[in-house]
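Beneath this line is the structure, given in structure tokens, with notes to follow.
The values are calculated or read from the model by the stated rules, or taken from the named source; none is laboratory data. Bear in mind the structure is a predicted one, so any value in this text is a computation, not a measurement. Every residue, glycine as well, gets a Cβ built from its backbone with ideal geometry; the counts of neighbours run over all protein chains shown. For the accessible areas, the whole protein counts, side chains as well, though only heavy atoms, and no ligand, DNA or RNA atoms are used. Shrake-Rupley method; radii C 1.70, N 1.55, O 1.52, S 1.80 Å.
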Amino acid sequence: MMKKLFYFLPWCIFAVLLILGVREASTISKFSKISLRYQNAISGQAAYRAREYSAVNAAFWLIFWRESTATLSVGFGDVASDTILFSGDANLVWHAEYVAGYAPGAEDEAGIAVSQALANRLWGSTNIIGQAVEIDEQTRFVRGVFVGGANLALLSFPLEDVSQSWTGVELYGEQLHFGAAEAFAAASGLGRPEYILTGEVISLAWAFALLPLLVPAVYALFLVIKYMRMYHPRTLMPLFFAGLLLFAVLLPALLDALPDWVVPTRWSDFSFWSSLAEQTGDSLRVFLSAVPTMRDVELKVRLLRVVGIGFLGVCLGLVGVGFRHRPN
């Protein structure tokens, strides 16, 4: 009984870690793939003109945002809080799990969403949908409460509101890459950003989330080959060619699933691989060295979780395989 327990326990923990890793990678992938950062704030008029340009000349959706601090006031007292002001889709700026309600919409000029910690500080409860709060001499109404242990509020501004300035721009759309984002920023009047953060972090997160699957996959392949060599040696080679044929049939679908920046147009060109590795490394260096914002810190923490979960999953998979083949 104890022998079976020691054999199955690592694989049970392995399965839990795999689920956790996929959840974290899935959350990371919901953030936008291209983010522009400016030290000199973009005016509301410039942001509005960029949206007009995008509607005619590009297939990009623009979400503007900036981070700040403010004092939120209700009848029970005041609380200082970090804030994220945005114009567009809130989930592409700060993707969160909501325990009540939802994020303010793109045209909601009076909505606000608050973290659990802030809700409990102000009201002593998270059952506060529709409650009024004073912030920056304006009354806003709570639309949602999201998971979070720090004081944080999300404030929405309509697309046509030009009263605010912005330091961050999220681009969302098809065929997005570094060159297209850089060209768009120049042509739309936004100007050259200090940083362009791209979606390599999303691919990296998925790579580490799925890394533990290599252990059971390689082990299963080893067992199949061992079994075929012992009992059906003559069918081993036909099965090998059948596997190659199946791979060739599935190859188009596999290539479609790859990110655009990895499409293998020149896989036989060694310079392609060196430039791809250089581009990926540069993108990750920019992501890690950019002036940190709350959004970036959130992404980095989630990425570290995925990396840790991935390595721990690989170790547990190897332990499970080791228990399977240890001497009696």
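Within segment 46-73, restricting attention to residues that are part of a strand (DSSP E or B) and without any contact (Cβ under 8 Å) to a residue 40 or more places away in the chain, which residue is most open to solvent (accessible area, probe 1.4 Å)? Among them, the one singled out is Thr69.
Is one or more of the residues making up segment 229-237 open to solvent by 60 Å² or more (accessible area, probe 1.4 Å) and modelled with pLDDT of 85 or more? No: segment 229-237 contains no residue that is open to solvent by 60 Å² or more (accessible area, probe 1.4 Å) and modelled with pLDDT of 85 or more.
Looking at segment 104-219, the helices (runs of 4 or more DSSP H) lying wholly inside it that each contain 2 or more residues that are farther than 24 Å from Glu24 by Cβ sit at 116-122, 178-187. Restricting attention to segment 30-45, the residues being touching a Ser or Thr at 6+ places or on another chain (Cβ under 9 Å) and surrounded by fewer than 18 Cβ atoms within 10 Å (Cβ to Cβ) number 5.
Results for (1) more than 21 Å from the chain's Cα centre (by Cα); (2) buried (at least 22 other Cβ atoms within 10 Å of the Cβ), shown as yes or no for each residue.
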{"position": "Ser115", "(1), (2)": "no, yes"}
{"position": "Ser125", "(1), (2)": "yes, no"}
{"position": "Thr139", "(1), (2)": "yes, no"}
{"position": "Val142", "(1), (2)": "yes, yes"}
{"position": "Gly149", "(1), (2)": "no, no"}
{"position": "His177", "(1), (2)": "no, no"}
{"position": "Ala187", "(1), (2)": "yes, no"}
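The listed residues are Leu316, Leu312, and the only one of them that is in contact with a helix residue (DSSP H, G or I) (Cβ under 7 Å, 6 or more places away or on another chain), open to solvent by 80 Å² or more (accessible area, probe 1.4 Å) and either modelled with pLDDT of 75 or more or outside any helix (DSSP H, G or I) (or both) turns out to be Leu312.
There is no residue in segment 223-242 that is under 26 Å from the mean Cα position of the chain (by Cα) and part of a helix (DSSP H, G or I).
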